[in-house]
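Enquirer: Below you will find the structure I want to go over with you.
The values are calculated or read from the model by the stated rules, or taken from the named source; none is laboratory data. In this text the structure is predicted, and so the values were computed from the model without any measurement. Cβ coordinates were reconstructed from backbone atoms using ideal geometry, including for glycine residues, and neighbour counts include every protein chain displayed.
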Amino acid sequence: MGLSFVIIENLEIDLYIADKLIKMTMGDNVPIETFMSAETALDHIVSAKLKKAERVIILLDLMMPRLNGADFITLFETLPGRITNHYQIVIVTSSMNKAELDRLVKKKHVETVIAKPLTQEKLKAVLDQIQINTNGKKARSGE
Amino acid sequence: MSEKLKILYIDDELDNLTGFKANFRTEYRIFIAENTVHAIEHLQKHPDIRVIFCDQRMPGKTGVEFFEEIRTAFPLPIRILITAYTDIEATISAINRGNIFRYIRKPWIQQDIISAIEEGNKFYIANSMLAIKNEELQQAYTELDKFAYSVSHDLRGPLTGILGAIDVAKEMSDIKELKDLLVLMEKSVFKLEDYISSMHDYYSSRRGELKIADIDFDHIAEELKDVYRIYTTTNKISFETTVNQPEPFRSDELVIKMVLNNLVTNAIKYQKRNFDNKKIELNISVYDGLATILISDTGIGIPETHFEEIFNLFSRATSQRAGSGIGLYNVKGGLLKLGGSIDVSSVLGEGTVFKLIIPSK
C-alpha cells in the first residue's frame, strides 16, 4: 500500500523528532517529505503526482510564522478533491487553545490532534486509529 | 509649580469680572468672559484651564445649564458655581448630577475662592493621574494578554521540543545520531535563553527611568565590535563601523546599547547562508543635536509587506531562523523613550538597512 508522510513544522528539533519517530514506527524506508513552512508544503501538495491508491499523512504544526497551520487547512480545503482525498491531516501542537483545536478537528481532512511532544506511543495510537477509520483493519507497522 | 494655574471666570457683570481678575491675577492666570460663547472660546484656546467659576444668574443661560452643556466637550476643568441663596435648589441638583464640583455663595470672599481653586486643582490632578494610569494599565493588560498567549508557544515550544528529543534519544544507540540530537537540543535551550533575556530588556526598557549622560559613540561602536567578534569571525561576516561625532551627545547609554545590540544581533542572525561576502555596516553620525545611525546587512531581507508589523510584539517575518519576535519591539519601544524613530528599507535576498534618528537630550 502506498503510504507516505508530509511533515510541516517550523521548529527544527520538532521536525527532526517527527521524522525520526515515523521512521522508528514505520521503518526507515517510508517516504517522508519535510517542510519548514506551510507555503512550500502547499506548493508541493498542489504539484505532487500521486498514484490512485496513495495515502499521505500530514503532520501539521499550528503556530508557525507567516502561514500558520489553521490557515494552511483553510487553503488546503480549497484544493480539488482529486488532490485532497489522498491526504489525512494530524495536527501536532503545543497549543492549549481548546476552542481552536475543537474547531479544527471537525474539519473534513483533519483526523485528530496530538499534543506536543510527539512520542512513539502517541504516533502509533494515532496511526492505528487512522487505519481503522479508513481500511477497517489494523496495521501495526514497525512492531 | 513654575507656571500659574489657569482659571476661567464667567459673569455677566463686568464689575464682578474685573474685581475677580484684580484680586487673583498675581496668584493665577485669570481668563474672564461676559457670556458663555466667549467662555467656550477661552476653553478651546486653552485646554489646560484647570478651574472654571461661573455665575448662576446670567441672561439667556444659567450657570448650571452652561456647565451641563460643556461637560462632555471639556470634561477635565473643575466646575464651580457662584450663586446666591435663592438658587439653592438648582445648585443642589447640579451637584448631585455631577455637573459641578462645589459652589460658592455670593458675594464671595477671597478666601473661599482660593480654597476652592486649591481643592479643585487637587481633584483635577488626581483625576488626570487616574486617566493616565488607566491608559497605562490598559496597555499593560493588552501586552499581558499577548504574553500569556506567547508563553504557550515561545516558552513551551522549545521545552516540549527538548522533551520530545529526550524521548527519542532513549531509543537511539548511534552516537552520531545522538550528537545531532544534542545540537538541536542545545539550539532549543539557546532559544529559551534568548527569549528570557529579551524579556529582561523588555522590562528594563519599559519600566526603567532614563539615565541621561554623555554618549561616546566611538566607544559604543568599538564595544559592539568586540562583543560580536566571535560571531562575525566564525560566520565570516565583515563588520565595519564608522563614527563621526564632532559634538557632544546626551542620551541613555543602556537604551542605546540595547537598541544597537538587537539590530546587530539581527544583522548577524539573518545573514544569507552559503554567501561569500557577508557584511554588516554600522554608520553613526551626529550633527546638530541629532544622531543618525545606519545599520545595513547583506542578509535574507524582509518582504515589504512586513515592514510595518516587524516592530509589533511577537511578530515574525520568517520561519527560517530562530527568533522570539520581541527584539524589534524592544528596539522601537526604546527609541520611543529616547524620542527617536526607526525606518526600515530592505530588498528580499539582498539585505536590510535600518535607519535610526535619535535627538540629543
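Enquirer: For the range A:41-59, does any single residue satisfy the condition of being buried (at least 22 other Cβ atoms within 10 Å of the Cβ), facing another protein chain (nearest Cβ under 10 Å) and within 24 Å of B:Leu184 (Cβ to Cβ)?
Expert: no
Enquirer: Considering the range B:60-106 alone, what residues qualify as being of a type in the set (S, T, N, Q) and either at pLDDT 85 or above or outside the structural domain of B:Arg50 (by TED's automatic domain parsing) (or both)?
Expert: B:Thr62, B:Thr72, B:Thr83
Enquirer: Report the residue count in the range B:181-206 for those that are among the β-branched types (Val, Ile, Thr) and within 14 Å of another protein chain (Cβ to nearest Cβ).
Expert: Filtering the range B:181-206 for residues among the β-branched types (Val, Ile, Thr) gives B:183, B:189, B:196.
So of that shortlist, the ones also within 14 Å of another protein chain (Cβ to nearest Cβ) come out as B:183, B:189.
Looking only at that region, the number is 2.
Enquirer: How many residues, within the range A:71-85, are surrounded by fewer than 19 Cβ atoms within 10 Å (Cβ to Cβ) and in contact (Cβ under 8 Å) with a residue 24 or more places away in the chain?
Expert: 6
So that you can scan it fast, the table gives a plain yes or no per residue for (1) in the same structural domain as B:Thr86 (by TED's automatic domain parsing); (2) at pLDDT 90 or above; (3) surrounded by 12 or more Cβ atoms within 10 Å (Cβ to Cβ):
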{"site": "B:Lys122", "(1), (2), (3)": "no, yes, no"}
{"site": "B:Leu155", "(1), (2), (3)": "no, no, yes"}
{"site": "B:Leu163", "(1), (2), (3)": "no, yes, yes"}
{"site": "B:Ile175", "(1), (2), (3)": "no, yes, no"}
{"site": "B:Lys179", "(1), (2), (3)": "no, yes, no"}
{"site": "B:Leu192", "(1), (2), (3)": "no, no, yes"}
{"site": "B:Tyr195", "(1), (2), (3)": "no, no, yes"}
{"site": "B:Ser198", "(1), (2), (3)": "no, no, yes"}
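Enquirer: Could you tell me how many of the residues in the range B:149-202 are basic (Lys, Arg) and out of contact with any helix residue (DSSP H, G or I) (no Cβ under 8 Å at 6 or more places or on another chain)?
Expert: Matching residues across the range B:149-202 total 4.
Enquirer: Still on this structure, please answer the following. Can you find a residue that is small (Gly, Ala, Ser) and surrounded by fewer than 15 Cβ atoms within 10 Å (Cβ to Cβ) anywhere in the range B:38-49? Spell out how you get there, then give the answer.
Expert: Filtering the range B:38-49 down to residues small (Gly, Ala, Ser) leaves B:39.
With surrounded by fewer than 15 Cβ atoms within 10 Å (Cβ to Cβ) added as a condition, the list becomes none.
Within the range B:38-49, none of the residues are small (Gly, Ala, Ser) and surrounded by fewer than 15 Cβ atoms within 10 Å (Cβ to Cβ).
Enquirer: Same structure, new question: Could you say which residue among B:Ile268, B:Ile280, B:Ile230, B:Ile256 is in a strand (DSSP E or B) and either free of Cβ contacts under 8 Å to residues at least 60 places away in the same chain or out of contact with any Asp or Glu (no Cβ under 8 Å at 6 or more places or on another chain) (or both)?
Expert: B:Ile280
Enquirer: Being part of a helix (DSSP H, G or I) and either within 30 Å of B:Leu8 (Cα to Cα) or within 14 Å of another protein chain (Cβ to nearest Cβ) (or both) narrows it down to one of B:Leu137, B:Leu178, so name that one.
Expert: B:Leu178
Enquirer: Quickly run through the range B:140-167 and pick out the residues that are away from chain A (no Cβ under 13 Å) and either touching a Cys at 6+ places or on another chain (Cβ under 9 Å) or among the polar types (S, T, N, Q) (or both).
Expert: B:Thr142, the sole residue that qualifies.
Enquirer: For the range B:201-208, does any single residue satisfy the condition of being in a helix (DSSP H, G or I) and touching a Ser or Thr at 6+ places or on another chain (Cβ under 9 Å)?
Expert: No, the range B:201-208 contains no residue that is in a helix (DSSP H, G or I) and touching a Ser or Thr at 6+ places or on another chain (Cβ under 9 Å).
Enquirer: Give me the pairs, please: first residue somewhere in the range A:94-105 and closer than 23 Å to B:Leu155 by Cβ, second residue anywhere and among the polar types (S, T, N, Q), beta-carbon distance under 9 Å, and either six or more positions apart or on two chains.
Expert: Here the result reads A:Ser94/B:Ser152; A:Ser94/B:Thr160; A:Ser95/B:Ser152; A:Met96/B:Ser152; A:Asn97/B:Ser152; A:Leu101/A:Thr93; A:Leu101/A:Ser95, each pair linking the range A:94-105 to a residue that is among the polar types (S, T, N, Q).
Enquirer: Can you name every one of the strands (runs of 3 or more DSSP E) wholly within the range B:8-114 that holds 2 or more residues which are touching a Pro at 6+ places or on another chain (Cβ under 7 Å)?
Expert: Because the criterion is at least 2 residues that are touching a Pro at 6+ places or on another chain (Cβ under 7 Å), the strands (runs of 3 or more DSSP E) in the range B:8-114 that meet it are B:51-55.
Enquirer: Quick one: in the range A:17-39, of everything that is hydroxyl-bearing (Ser, Thr, Tyr) and in contact with a strand residue (DSSP E or B) (Cβ under 9 Å, 6 or more places away or on another chain), which residue is farthest from the other protein chains (Cβ to nearest Cβ)?
Expert: Step by step, filter the range A:17-39, then rank; the result is A:Thr34.
Enquirer: I've got another one for you. Among B:Lys225, B:Lys211, which is the only one that is surrounded by fewer than 13 Cβ atoms within 10 Å (Cβ to Cβ), closer than 29 Å to B:Asn244 by Cβ and touching a strand residue (DSSP E or B) at 6+ places or on another chain (Cβ under 8 Å)?
Expert: On inspection, the qualifying residue turns out to be B:Lys211.
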